[in-house]
Amino acid sequence: MTREEKALLDTIAFTEGTLGVSNNGYDVVVGSKRLISGWTKDTTIVHGGSNWYDKSTNSTAAGRYQFLYSTWLGGSNSNPGPNLPMTKENQDKRGLDLINNALKNTDKTKLIIKSNFNDALNKLAKTWASIPVTSDFTDSNGVHKAGTSYYNKDGINKTHISADKIFEIYKLALSKY
């Protein structure tokens, strides 16, 4: 894993509110509302799906990168992927898969340039509701305003961190590696 990828994973954990929580977020369910009981870095516990559902957030988000059950499975509802154990290694791999899918054809070594980083945030915002879009745009899901979550139309998903703050967190994380 490159230093840029490690820094992006840390940055996403920060935006999701799991960085530094309990076991650095790997054992967090639905934004730190509860923890996965008995979790270890080599756990055999799989994603709890509907058992981990939180009505107030309409979410099954779990782990350091707050994977929804369907995202964790990696497939579609009709053809889900395997429900792998939520180990540290599996969570990092799945998080990195999602990053690489969103940022395909993006030179991650150039994310230290603010405009490139903002472009990357717009792509990552489609996967993580905690990441704001950085410019107004319209797509098949409607109009998206800079500074808001890509998913804010549901009345639940909001981003509480500015793109500028996320850029600072990314640069700090990058300096660790």
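The values are calculated or read from the model by the stated rules, or taken from the named source; none is laboratory data. Given the structure is predicted, the values throughout are model-derived calculations rather than measurements. Note: ideal-geometry Cβ built from the backbone for every residue, glycine included; neighbour counts use all protein chains shown.
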Quiz item: So W128 fits all but one of (1) part of a helix (DSSP H, G or I); (2) in contact (Cβ under 8 Å) with a residue 40 or more places away in the chain; (3) surrounded by 19 or more Cβ atoms within 10 Å (Cβ to Cβ); what number is the exception?
Solution: (1)
Practice problem: Looking only at the stretch 24-34, count how many residues are modelled with pLDDT of 95 or more and surrounded by fewer than 17 Cβ atoms within 10 Å (Cβ to Cβ). | Solution: 1
Quiz item: Quick one: which of G49, G31, G20 is farther than 23 Å from I169 by Cβ and of a type in the set (G, A, S)?
Solution: G49
Self-check item: the stretch 127-177, residues that are among the small types (G, A, S) and farther than 18 Å from Q66 by Cα
Solution: S135, S140, G142, A146, G147, G155, S162, A163, A173, S175
Practice problem: State whether one or more residues within the stretch 142-160 are in contact (Cβ under 8 Å) with a residue 12 or more places away in the chain, aliphatic (A, V, I, L, M), assigned to a loop (DSSP other than H, G, I, E, B) and surrounded by 17 or more Cβ atoms within 10 Å (Cβ to Cβ). | Solution: no
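Residues of the stretch 101-139 being polar (S, T, N, Q) and within 30 Å of S37 (Cα to Cα), which ones?
Correct list: T127, S130.
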Quiz item: Under 7 Å by Cβ, and 6 or more places apart or on different chains, what pairs join a residue from the stretch 90-116 that is loosely packed, with under 13 Cβ neighbours inside 10 Å with one that is part of a helix (DSSP H, G or I)?
Solution: T109/E4
Practice problem: Go through the stretch 26-43 residue by residue and tally those that are in a loop (DSSP other than H, G, I, E, B) and closer than 17 Å to Y69 by Cβ. | Solution: 8
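Can you tell me which residue among L174, L121 is over 24 Å from V30 (Cα atoms), aliphatic (A, V, I, L, M), touching a residue at least 12 places away in the same chain (Cβ under 8 Å) and part of a helix (DSSP H, G or I)?
Only one candidate qualifies: L174.
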Quiz item: With respect to the numbered conditions (1) of a type in the set (A, V, I, L, M, F, W, C); (2) farther than 20 Å from S162 by Cα; (3) in contact (Cβ under 8 Å) with a residue 12 or more places away in the chain; (4) buried (at least 17 other Cβ atoms within 10 Å of the Cβ), which one is the sole condition not fulfilled by V21?
Solution: (3)
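Scanning for something touching a residue at least 40 places away in the same chain (Cβ under 8 Å) and of a type in the set (K, R), does the stretch 62-74 turn up at least one residue?
So far as the stretch 62-74 goes, yes, one or more of its residues are touching a residue at least 40 places away in the same chain (Cβ under 8 Å) and of a type in the set (K, R).
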